[in-house]
Amino acid sequence: MKLYQSATSPFVLKVRIAAAELGLLGRIEMLDVSQEYKSGGPLAREQNIIKTNPLGQVPTLLLEDGSTIADSRVICEYLDGLGGGSLFPAEPKARWNALTEQSYGDGLLDAALAARYEGLLRSEEQRWQRWIDGQLAKVHATLDLIEGKAAGFGDRVDIGTITFYCALSYLDLRFADLNWREGRPQAAAWFARIAERPAFGGQKLG
């Protein structure tokens, strides 16, 4: 298998952590995207990826039979099935909880990316501060949700906790000034603890 990736993508990080937890990382060849794609922001499409995924974005997984799987949510579930894992729990209540947490984590990332691009791609006089504030309000609200849940995470590793970890890692990379750990001791302690797992600590953003 081959994975189109970018070192700063939290969605790629999600796939890499899932693959590592499942023991599949060694079966995946990593294909780095072009510098043009990396610097192009939300309007860029990787020309090599467009050949198999019209969205032209990472992560995109090329399978051994020539078919393609796109989007971190779909790729992670495919890998979980391939590796016989339990990142997507079978028991209904646990499954819906993990999927909902994944949705919250992805939503935090979507909001953070929207705020970042507004500040990055527009000149200061063109920026819509209400948009940025609205997106960051979603980020803070989701951080508070994670703080409320973190004490109960224990050693649970599934698609929900993986996504939360990737979201917090992205904030460390791009929004260090938010200082998400302040006032959130449970989330901070959980993040530090799970980062010690080889599958997590061995995969970095940046």
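Any idea which residue in the stretch 98-112 is most open to solvent (accessible area, probe 1.4 Å), counting only those that are over 11 Å from the mean Cα position of the chain (by Cα) and hydrophobic (A, V, I, L, M, F, W, C)?
LEU99
Going by the conditions given, is LYS149 farther than 24 Å from GLU21 by Cβ and under 19 Å from the mean Cα position of the chain (by Cα)?
no
Out of the residues in the stretch 81-136 that are hydroxyl-bearing (Ser, Thr, Tyr), part of a helix (DSSP H, G or I) and out of contact with any helix residue (DSSP H, G or I) (no Cβ under 6 Å at 6 or more places or on another chain), state the one that is nearest to PRO10 (Cα to Cα).
The extreme case among them is SER103.
Tally up the residues in the stretch 155-206 that are aliphatic (A, V, I, L, M), in contact (Cβ under 8 Å) with a residue 40 or more places away in the chain and more than 18 Å from ALA98 (Cβ to Cβ), please.
4
Of the numbered conditions (1) assigned to a loop (DSSP other than H, G, I, E, B); (2) surrounded by 14 or more Cβ atoms within 10 Å (Cβ to Cβ), ASP65 satisfies every one except a single condition; which is it?
Here ASP65 meets the rest and fails (2).
Within the group ASP155, ASP144, which residue is open to solvent by 60 Å² or more (accessible area, probe 1.4 Å), more than 25 Å from GLU21 (Cα to Cα), out of contact with any Cys (no Cβ under 8 Å at 6 or more places or on another chain) and of a type in the set (D, E, K, R)?
Unique residue meeting the criteria: ASP144.
Exactly one condition in (1) in contact (Cβ under 8 Å) with a residue 24 or more places away in the chain; (2) within 16 Å of the chain's Cα centre (by Cα) is not met by LEU63; state its number.
(2)
Take the stretch 1-59 and flag every residue that is among the small types (Gly, Ala, Ser), assigned to a helix (DSSP H, G or I) and modelled with pLDDT of 90 or more.
ALA18, ALA19, ALA20, GLY26
The values are calculated or read from the model by the stated rules, or taken from the named source; none is laboratory data. No experiment lies behind these values; they were computed from the predicted model shown. No Cβ is skipped: glycine too gets one built from the backbone with ideal geometry, and neighbour counts run over all protein chains shown. Note: areas computed on protein heavy atoms with side chains; ligands, DNA, RNA excluded. Shrake-Rupley method; radii C 1.70, N 1.55, O 1.52, S 1.80 Å.
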